[in-house]
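J.: What follows is a structure written as structure tokens; I'll ask about it next.
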């Protein structure tokens, strides 16, 4: 009875094998090729890499039809649909890859814009470093620094024109725009 049991278990096998070789269009093997398979009979897709001979193999596959996808940088992605896998059979799907365009992915990571896109107002900060580096003639006062800012031009007295508009409030004696 014990000698018959292994033979009976072998007869109960319900899976098959899928294998093949991957080559380029000159017939050279392609090692390191990613081979992915999927089927309605698999819970999740499976993947493997080809060996130095370009060989791949998937063991113990449920019977059914499979989709094969082969990928390697520098080659076009290859799809083969409807590959049958039968009980206790080895299905062969050899793949010939075509050279493709190299794809380049550029990832740009940016922080929030420093420009306020919700308002047309302009704001300039004048700090001590700017005041120390702006060339001011000995007879100029601090209100003349306004005219070094973008969009500011001359005005009447101590009231500069900003973007062709006039600052309506005149300075009181001893006040400054800073």
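The values are calculated or read from the model by the stated rules, or taken from the named source; none is laboratory data. No experiment lies behind these values; they were computed from the predicted model shown. Here the Cβ is made from the backbone with ideal geometry for all residues, glycine too, and neighbour counts use every protein chain on show.
J.: What number of residues in region 66-103 are in contact (Cβ under 8 Å) with a residue 40 or more places away in the chain, assigned to a loop (DSSP other than H, G, I, E, B) and within 17 Å of residue 30 (Cβ to Cβ)?
T.: Residues flagged as in contact (Cβ under 8 Å) with a residue 40 or more places away in the chain, assigned to a loop (DSSP other than H, G, I, E, B) and within 17 Å of residue 30 (Cβ to Cβ) within region 66-103 amount to 4.
J.: Would you pick out the residues in region 21-59 that are surrounded by 18 or more Cβ atoms within 10 Å (Cβ to Cβ) and on the phi > 0 side of the Ramachandran plot?
T.: 54
J.: Still on this structure, please answer the following. Would you mind finding the one in 42, 59 that is more than 13 Å from residue 97 (Cα to Cα), at pLDDT 95 or above and in the same structural domain as residue 92 (by TED's automatic domain parsing)?
T.: Exactly one of 42, 59 is more than 13 Å from residue 97 (Cα to Cα), at pLDDT 95 or above and in the same structural domain as residue 92 (by TED's automatic domain parsing), namely 59.
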